1. Name the residue, out of A:Leu508, A:Leu548, A:Leu502, A:Leu536, that is over 17 Å from A:Val607 (Cα atoms) and in contact with a Gly (Cβ under 8 Å, 6 or more places away or on another chain).
2. Scan the stretch A:529-545 and tell me whether some residue there is of a type in the set (Gly, Ala, Ser), surrounded by 16 or more Cβ atoms within 10 Å (Cβ to Cβ), in contact (Cβ under 8 Å) with a residue 40 or more places away in the chain and in a loop (DSSP other than H, G, I, E, B).
3. Name the one entry in A:Ala286, A:Ala274, A:Ala280 that is surrounded by fewer than 22 Cβ atoms within 10 Å (Cβ to Cβ) and more than 14 Å from chain B (Cβ to nearest Cβ).
4. For the stretch A:190-303, list the helices (runs of 4 or more DSSP H) that sit wholly inside it and hold at least 3 residues that are under 30 Å from A:Ala327 (Cα atoms); which are they?
5. With the requirement that a residue be assigned to a strand (DSSP E or B) and of a type in the set (S, T, N, Q), what does the stretch A:504-528 give you?
6. From the list A:Ser658, A:Ser749, which one is within 26 Å of the chain's Cα centre (by Cα), assigned to a helix (DSSP H, G or I), assigned by TED's automatic domain parsing to the domain that holds A:Thr437 and crowded, with 18+ Cβ neighbours inside 10 Å?
7. Could you tell me whether A:Arg249 is modelled with pLDDT of 85 or more, in contact with a Phe, Trp or Tyr (Cβ under 9 Å, 6 or more places away or on another chain) and closer than 27 Å to A:Arg201 by Cβ?
8. Name the single residue, out of those in the stretch B:81-97 being hydrophobic (A, V, I, L, M, F, W, C) and buried (at least 21 other Cβ atoms within 10 Å of the Cβ), that is nearest to the other protein chains (Cβ to nearest Cβ).
Amino acid sequence: MIGLLDRKLLRDLWTLRGQGLGIVLVMACAAAMVVMSFSVLRSLGETRADYYRRSGFADLFAALPPAPLSLADSVRRLPGVAAVAARVVGPGAISLDGVDEPIAARLVSLPAQEAPAINALALRQGRMPAGDRPDEVVIDAGFATAHGLGPGSRLAMTIGGHRRTLTIAGTALSPEFIFALGPGQIVPDDRRFAIVWQDRRALAQALGPGDRFNDLAVRLAPGASSAMVSEAIDRLLAADGGSSAVHDRARQPSHAFVESQLEELGAIGVLVPAIFLAVAVFLLHASMLRVVELQRPEIGITKALGFDDATVGRHYVKFALILAIAASVLGVPVGIALGRVVTAIYAGFFRFPFLHYGPDLLAVAGVIVVLGVAAVLAALQPAARAAALPPARAMLPPTPVSPRAVAGERIMRSLGMPAVLVLRQLARRPVRVLLTTLAAAFAVGLQIATLFSFDALDEMVDVFYGRAQRQDATIVFARPMPPAGLADIAHWPGVRLVEGRLDLLARLALRGKARDVMLTGLPADGTLQRLLDTALNPVSLPEGGLALSHRLAEILEARIGDRVTINLASGRPFDVPVAAIVEQYVGLGAYMNLASLGSRLDSGPLVSGAEVTLADHDRATFLRALKDSSLVAGYMPRTATITAFRETMSRTLTIIVSAFVAFAAVAAFAIVDATVRVTLSERLRELAILRALGFGESTILFMLAGELGFAVALALPLGAAVGLGLGQVIVWTLDNDLFHVPLVVGWRSHAIAAGTVLAAAILSFTLAAGRVRRIDVVAALRAAT
Amino acid sequence: MSEGERAVLTARGLAKSYDSAAGRVVALRGVDFDLARGEFVVLLGPSGSGKSTLLNLLGGLDRASEGRLLFGDIDLAALDERALTLYRRHHVGFVFQAYNLIASLTAAENVALGAMGVERALSAAEALAHVGLADLADRFPAQLSGGEQQRVAVARAIVRQPDLLLCDEPTGALDSATGVVVLEALDRVNRDFATAAVVVTHNAVIAGMADRVVHLADGAIVRSYRNQARAPARDLAW
């Protein structure tokens, strides 16, 4: 049977349901977010793992100069190797009717049917190419969808300098290209990059290696050491006279991109709910303090009746625990349901051939425990205070506050006695005002901490693609060429300015730390691709010096003047001093003077691409020239890159952040409403007395509005600061090699955050005004005596 | 108290002082006080004379700064918090001016709360019947008049059949007619259960129903006398 104190507890909770609901909502938001985030992550993670397993996704990869197939057999025989795919891989360009620009493609030879599956394709449409039809290909489903292509469509391609017309037999997904990143791309763009799978023999003929292969994908036997097998393969390839860099999945572009996306989701999916939970704990703590204060007489009588301190303390801990249970009951199903929705949205972006959705039961159990523990922690001090309250004192009214006059009273007096009373109330109950202000500040802060992501995205686009990159388009050459070749491009119709660039994969090492990055050579007097210092001002690239992006400098622990050792794929390693640290929100960057870098190459100076500015009226002619040129492997107009970047962000981080923003708005309303309700219940008796003394309804409401208005007005700037602080923590958590998210809060975010809290305050106050109008003065006075 | 009567409570040199914002306040200074089983004592005195402080000390709600306070042979000053809690639970019933009912419990539940953990307790219905409220058992405090609430408080105090019934201004918030009904309930409990009762009041009329009247002023007993006969509560009016 339920005990009397428990019965009291349940009825008290029912009486305080308004403010209790606010706290429950904030905690439920945290619970729902945790369950949602973990369920999304778990589902995506398990789907990926199962996809990798079913398709035999390779563990090691290597690009190498054309090598005989016997070398692949040697690799196959190495201990720890389960399967090997010796493939032919190369660039190509697609010319599509109705698309002005050339589209970069990566051609990959189809796996042999009889071999154990490595990177097996999952057909979405059509069939695999017929053995006797070398002109048939399979293309990646993303590109097919972006251009409305399907089985039977014809594809005009330039492969190895020759034009060919191919027929699409089917569209497919590959674990190797969950995200397909084209040359020079940092985010996927289905419209501008395609994967084309073709029969091995036909492709080898077209690209030139003949009976040889130039790309290796290796699947390891269970328990094999990735590092040991890598070394063994490296030794075999070196003995064959070739050079290669065998790498594991961490450097496989698609895997690395998926991994970084999941990592970001994981980081933000833990951090933001944790912040919500901390706010909920604060709110619960503040509310429990107020409940204990309101129930002083009841605490007194309970003790006078012989209940011990521990029983009284436990009573208030139970109070908080019931709220936590209610939050779990509300939040967990919402989290599970939202997880399903969000996972489905992500599934459309992460190209998996199937999807496993399941709620993360461990997260569900964890969140229930964490909410319970958080509730106990929040209630501990108020409960201890209730337990320690001597019964004789508990039954006395709270100690009257000192009757000192408050500074500013004289000015307020001119506004009338109610204004003076508001001022005195504020000055004499500073802790209460502080708690109200802090609660409202958290309501503002939570929103800013989630809304700022959109401002940050705008800032990234503005800085990276606005201030730093000023070209109209970037061209990636099919193969590096001497800088003199740029002169030809300069003469193409519509080209105003051409600046060469050289992108080389390089290993940068300093004091035992090393990182493989793209080292970019830029012309000394270049104006199109600019480097920005950490204050976002343009910096010139010193001759013979190295500029590192801020994040890369951190990874290498490099400071200005440090000599970094650079190891290129060919040529001798060389040392270059760090001359500048530059800000770059996207990717890791290392930059050198183009001429200096060129002088280090065995082949002499080269350019691997160019930045161009174009005249508007000649753009169509330029694109025709581009399509006709066999020099070009990739073409990226800056506007298209910005669109692709925004789309990528809007389909990854933004989805979950949008859910968080919605939660923050709900939480803001809940926090403000709970705060208004607590304030009203504390003041109801005093307000009734004032009514009895002849103060009108409007005067009473003025006083209530004055107190709340003061707290909310104070909360807005404080909340902005809280939001910045929380945002900083999120930024630190989100920082990875792919994106460095800046902490920027635009006026729109401030306005939305402040507007939501003000709207919540006005709505809650309107509801409170109804209660003030219904005050039973006689009953309140009788209770007061 | 005659020699044959056994004292329920014996206080010697009882003093209480505490610190406040205005400095050290001496609420009670060296009070000697005895209470016999079944005795009805009224404590009179102006505000701040120390009546409520003495009552709180007698009931174990507060601790004396100096002096001895014996409940039978037990020195209350030597008891720890836990033992003091048990003393209140098993031996003391309180009635306060502000009723102090739990708003979220019904009349019967409020009374039952007073019976929890006490083996010899009456049922809540019996206790309520004793104060004439058997019919209102299921009402919440907000649904009762002031007098009814105070009678529920009396029922809650007596449900455990305490040795001591301590009442702090039990009629202070009530009109004369309602106050008399409450006093009748106290009188009945005192007589029926032979419970020693101490009633703090500044209403001198109530002194008529006491066995003994004790006057306090400035934290000390200034006068004490016995009534020749206890006036029936129903004859009181103010």
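1. Numbers: A:Leu508 fails: in contact with a Gly (Cβ under 8 Å, 6 or more places away or on another chain); A:Leu502 fails: over 17 Å from A:Val607 (Cα atoms); A:Leu536 fails: in contact with a Gly (Cβ under 8 Å, 6 or more places away or on another chain).
Sole residue among the options that is over 17 Å from A:Val607 (Cα atoms) and in contact with a Gly (Cβ under 8 Å, 6 or more places away or on another chain): A:Leu548.
2. Going residue by residue through the stretch A:529-545, those that are of a type in the set (Gly, Ala, Ser) are A:535, A:540, A:544-545.
Add one more test, that the residue is surrounded by 16 or more Cβ atoms within 10 Å (Cβ to Cβ), and what stays is A:545.
Now drop any that are not in contact (Cβ under 8 Å) with a residue 40 or more places away in the chain, which leaves A:545.
From the residues that got through so far, the ones that are in a loop (DSSP other than H, G, I, E, B) too are A:545.
The answer is yes, given that some residue of the stretch A:529-545 is of a type in the set (Gly, Ala, Ser), surrounded by 16 or more Cβ atoms within 10 Å (Cβ to Cβ), in contact (Cβ under 8 Å) with a residue 40 or more places away in the chain and in a loop (DSSP other than H, G, I, E, B).
3. On the way: A:Ala286 fails: surrounded by fewer than 22 Cβ atoms within 10 Å (Cβ to Cβ); A:Ala280 fails: surrounded by fewer than 22 Cβ atoms within 10 Å (Cβ to Cβ).
Every option except A:Ala274 fails the conditions.
4. Values: elements: A:200-207, A:226-239, A:253-294.
Ranges flagged: A:253-294.
5. To start, the set of residues in the stretch A:504-528 that are assigned to a strand (DSSP E or B) comprises A:504-510, A:513-522.
Result: A:Thr520, single match.
6. On the way: A:Ser658 fails: crowded, with 18+ Cβ neighbours inside 10 Å.
So the residue among A:Ser658, A:Ser749 that is within 26 Å of the chain's Cα centre (by Cα), assigned to a helix (DSSP H, G or I), assigned by TED's automatic domain parsing to the domain that holds A:Thr437 and crowded, with 18+ Cβ neighbours inside 10 Å is A:Ser749.
7. Numbers: modelled with pLDDT of 85 or more: yes; in contact with a Phe, Trp or Tyr (Cβ under 9 Å, 6 or more places away or on another chain): yes; closer than 27 Å to A:Arg201 by Cβ: no.
When the stated conditions are applied, A:Arg249 does not pass them.
8. Initial filter on the stretch B:81-97 (hydrophobic (A, V, I, L, M, F, W, C)): B:83-84, B:86, B:92, B:94-96.
With the extra rule that they be buried (at least 21 other Cβ atoms within 10 Å of the Cβ), the set shrinks to B:84, B:92, B:94-96.
Values: B:Leu84: 10, B:Val92: 8, B:Phe94: 5, B:Val95: 10, B:Phe96: 6 Å.
The qualifying residue nearest to the other protein chains (Cβ to nearest Cβ) is B:Phe94.
The values are calculated or read from the model by the stated rules, or taken from the named source; none is laboratory data. Fair warning: this is a prediction, and the values are worked out from it, not measured in the lab. Methodologically, a virtual Cβ is constructed for each residue, glycine included, from the backbone with ideal geometry; neighbour enumeration extends over all protein chains shown.
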